[in-house]
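Note sheet for the following structure.
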Amino acid sequence: MKSIPNYISFSRIFFSLVLILVKPLCLTFYVIYIVCGLSDILDGFIATKTLTTSTLGAKLDSIADMIMIGVLLFILYPIINPSPKIIIWVISIAIVRFASMATAMEKYRTFASLHTYANKITGIVLFIFPLMLPYVRTNVLMYMLCAIASVSAIEDLIIQLTSSQLNLNKQSIFRK
């Protein structure tokens, strides 16, 4: 029972990689994509409910998220054709994220990606993004996503810079 959430996270990695082989934005893509999203919800839910949360599981969940985001960027980039402003914004967000991870690596000697409310909201908005592409202008979606991702990345970095100990489940800079 203890490793079921980890197996679910591994399945997200596998299915994220399978997305590379599927035609973007077709029915098969959306089915696999939704399975990935459900696995992201289920792994944490099951781990919490069965009291099997672990540092390994939290790291695995973060790695699975990063792989899924990387795959989505690879697949959707040619479709959304972002403006240079958006590209610079996304690169800036990535730099802040890497600075946060580097800070954690330096301070705590481990990979760390926090599970803050802002990061969860960013994940939800990122998940909804491909589902909304047929219905909302791409630029509007990109600006919304980048704004939310910027706030969560900055919060993550502030927490890593100001914390004396690593707490992967820190909810916000506004909560102890």
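The values are calculated or read from the model by the stated rules, or taken from the named source; none is laboratory data. Just so you know, these numbers come straight off a predicted model, no measurement behind them. Positions of Cβ are generated from backbone atoms using ideal geometry, with glycine treated the same way; all protein chains shown enter the neighbour counts. Please note that ligands, DNA and RNA were not included when accessible areas were found on the heavy atoms of the full protein model with its side chains. Shrake-Rupley method; radii C 1.70, N 1.55, O 1.52, S 1.80 Å.
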**Complete:** By the Cα gyration tensor axes a ≥ b ≥ c (a/c under 1.5 gives rounded; else a/b larger than b/c gives prolate, otherwise oblate), the shape of the range 54-96 is oblate
**Request:** Could you tell me which of rounded, prolate or oblate describes the range 39-154, using a ≥ b ≥ c as the square roots of the eigenvalues of the alpha-carbon gyration tensor, with rounded for a/c under 1.5 and, failing that, prolate when a/b is larger than b/c and oblate otherwise?
**Result:** oblate
**Item:** Listed residues SER62, SER100, SER164, most fluctuating in the chain (Gaussian network, C-alpha, under 10 Å)
**Value:** SER164
**Complete:** In nanometres, the difference between 0.36 nm per residue of separation and the alpha-carbon distance of TYR108 and TYR7 is 33.7 nm
**Request:** Would you mind telling me which residue in VAL136, VAL35, VAL71 has the biggest mean-square fluctuation in a Gaussian network model of the chain, where springs connect alpha carbons within a distance under 10 angstrom?
**Result:** VAL136
**Asked** What length, rounded to one decimal in nm, is gained on full extension from TYR77 through to LYS59, with 0.36 nm per residue of separation minus their alpha-carbon distance?
**Response** 3.8 nm
**Request:** Could you please state how large a percent of the accessible area of the range 46-176 is carbon and sulfur, counting protein chains only and using a 1.4 Å probe?
**Result:** 69
**Prompt:** Just the accessible area per residue of the chain, please: how many Å² with a 1.4 Å probe?
**Reply:** 59
**Complete:** Of the listed pairs LYS85/LYS107; LYS59/LYS170; LYS85/LYS170; LYS23/LYS85; LYS23/LYS59; LYS23/LYS120, those with alpha carbons more than 22 Å apart are LYS85/LYS107; LYS85/LYS170; LYS23/LYS85; LYS23/LYS59; LYS23/LYS120
**Fill in**
TYR30 and THR48 label points (each 7 Å along its Cα→Cβ direction) are spaced in nm at 2.8
